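Note sheet for the following structure.
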Amino acid sequence: MFIVCGEALFDVFAQTATPTGFALDARIGGAPFNLAVGLARMAQPVAMLTTLSRGFLGERLLQTLLDEGVSTALVQRSDAATTLSLVGTDAAGVPAYAFYGEGCADRLLQVPTTLPADARVLCLGSYTTVVGEVAVSLRALVARERPNVLIAYDPNIRRNVVDDVAVWRTQIDWMLPHTDVLKLSDEDLRLIDGGDPDRFAQQAIAQGVSLVLLTRGAAGATAWTSSQRCEVTAPATQVIDTVGAGDTFQAAALAWLAEHEALRVERLRSLSGDALRSLLGFAVQAAAITCARRGADLPRRAQLPAA
């Protein structure tokens, strides 16, 4: 089973102005939440480890997990509010962002005493790894479970939440020796390193990472192990938006590893060049499906070919 830790929120888009304010469109979001749903849609057993509000927004998040087949056995509840990420435009038409997360439910996670006996992979990333007590809790969980499960980490840097890149670099530096599968975007890499992707990947591998996955948007993706390097181009697609594309890529990549019984350190390290090409091809194809849809509408396993 995959255990996905992190935020669950609503992205709220300010649309047309009305005589008394704005028409708003609220969409369920949060990279870890999307990943959990994506894994479930890839027919993988998955549980979400987060804290949800007891308010109506939290109830909607909980119901979505249940509807998608994500286990809620590890979900904690709180009277705190649900995080909101607001997106609008300023007077010049430039996108403007406001984030309301301080003291919200997804920052109040307590480390469970144990994980389910069938837990195989612990997935985490994004802003809950760098804010307040939830970051402390997640570090404690990773340190405790490192000998027992694989760790999959996606920094998913969000400067609208934590602007100081040094905070993200510190977290990534701590995570690398505790990570088996590292997925990051080219934008993440530019912020934390700004250098050569091959050099960064080999440095990560030298610290203990078994598999590094780098998404490069329309240019495709690259993978590294200690002995292999592979890159693929993204399939041509009519892009509606890229919301959830990175989460889709990670869900599909992890599902590919599960289907190929490669969720063990020795198997990750011994993946051949052909295997990496197959993994990347599967993941970029899944991401392309999401890009051709409005919002984070991740594909189901039946919509993709055999891995």
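The values are calculated or read from the model by the stated rules, or taken from the named source; none is laboratory data. The structure displayed is predicted, hence computed values, not measured ones. So basically every Cβ, Gly included, is an ideal-geometry build from the backbone, and we count neighbours across all protein chains shown.
Quick look at the values:
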quantity: Residue count for the stretch 206-224, restricted to those that are surrounded by 16 or more Cβ atoms within 10 Å (Cβ to Cβ) and either of a type in the set (Ser, Thr, Tyr) or over 20 Å from the mean Cα position of the chain (by Cα) (or both); calculated: 3
quantity: Number of the condition not met by Ala218 [criteria: (1) without any contact (Cβ under 8 Å) to a residue 24 or more places away in the chain; (2) touching a helix residue (DSSP H, G or I) at 6+ places or on another chain (Cβ under 7 Å); (3) under 30 Å from Asp11 (Cα atoms); (4) not aromatic (Phe, Trp, Tyr)]; calculated: (2)
quantity: Candidate set: the stretch 48-57, residues that are part of a loop (DSSP other than H, G, I, E, B) and more than 17 Å from the chain's Cα centre (by Cα); chosen: the one farthest from Leu115 (Cα to Cα); calculated: Gly55
quantity: Qualifying residue in the stretch 181-195 (condition: under 18 Å from Arg120 (Cα atoms), in contact with a helix residue (DSSP H, G or I) (Cβ under 9 Å, 6 or more places away or on another chain) and either surrounded by fewer than 17 Cβ atoms within 10 Å (Cβ to Cβ) or among the hydroxyl-bearing types (Ser, Thr, Tyr) (or both)); calculated: no
quantity: Filtered residues of the stretch 58-116 (kept if assigned to a helix (DSSP H, G or I) and either in contact with a Leu (Cβ under 9 Å, 6 or more places away or on another chain) or in contact (Cβ under 8 Å) with a residue 24 or more places away in the chain (or both)); calculated: Gly58, Glu59, Arg60, Leu61, Leu62, Thr64, Leu65, Glu68, Ala105, Asp106, Arg107
quantity: Selection within the stretch 49-95 - farther than 25 Å from Gly132 by Cβ and among the small types (Gly, Ala, Ser); calculated: Gly69, Ser71, Gly88, Ala91, Ala92, Gly93
quantity: Conditions (1) surrounded by 15 or more Cβ atoms within 10 Å (Cβ to Cβ); (2) in a loop (DSSP other than H, G, I, E, B); (3) out of contact with any helix residue (DSSP H, G or I) (no Cβ under 7 Å at 6 or more places or on another chain); (4) not β-branched (Val, Ile, Thr); number of the one not met by Pro305; calculated: (1)
quantity: Selection count where residues are acidic (Asp, Glu) and in contact with a helix residue (DSSP H, G or I) (Cβ under 6 Å, 6 or more places away or on another chain), scope the stretch 94-122; calculated: 0
quantity: Hey, Gly273 farther than 15 Å from Val181 by Cα, more than 21 Å from the chain's Cα centre (by Cα) and modelled with pLDDT of 95 or more or not; calculated: yes
quantity: Members of the stretch 140-160 found to be under 18 Å from the mean Cα position of the chain (by Cα) and either under 18 Å from Gly101 (Cβ atoms) or surrounded by fewer than 16 Cβ atoms within 10 Å (Cβ to Cβ) (or both), listed by number; calculated: Pro155, Asn156, Ile157, Arg158, Arg159, Asn160
quantity: Residues that are buried (at least 20 other Cβ atoms within 10 Å of the Cβ) and among the polar types (S, T, N, Q), drawn from the stretch 245-289; calculated: Thr248, Gln250, Gln285
quantity: Hey, Arg120 surrounded by 14 or more Cβ atoms within 10 Å (Cβ to Cβ) and farther than 16 Å from Leu35 by Cβ or not; calculated: no
